[in-house]
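No lab work stands behind these numbers, since they all come straight from the coordinates. In this text, all values refer to a predicted model and were calculated from it rather than measured experimentally.
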Amino acid sequence: FPGFTELPPCLPWSKGPCLAINGPCFADEVNGCGKASKECFANPENKDCIKGMACLAKCGSDTTCSTGCFAAFGSDTFTGFLGCALEDKKCLSFPSDPKLLGWLDDGPNAPVKIANFDTTS
């Protein structure tokens, strides 16, 4: 899938691969996401699913961009394919610790917690 190879690499101190891709999972109609893949990519009536995937591929880690893709091209087919590939069958899997991907920064530039902050005020 184009775009997935352009995801940011894991941080240098992380262990293991950042992104595991189980290619056969996308084609396996019994134990994988083959049906969802065909519905998204091979059904000419589901052009929004293909457009949505192309849109996401361009976003990288930009969450605002990803949200825009879902708003513009969201459909049951699109959501079903992503749910299968990312959650149900894990055709694509990421480390369970987001720190390994650099999504949380513990360094000197990390946001500082406000002591005694009251969320109800």
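Using alpha carbons only, the radius of gyration of segment 17-91 set against its Kirkwood radius gives Rg/Rh = 0.97. Applied to segment 79-88, the Karplus parametrisation 6.51 cos²θ - 1.76 cosθ + 1.60 on θ = phi - 60° returns per-residue 3J(HN,Hα) values of 5, x, 5, 5, x, 5, 5, 9, 10, 5 Hz, with x for Gly and Pro.
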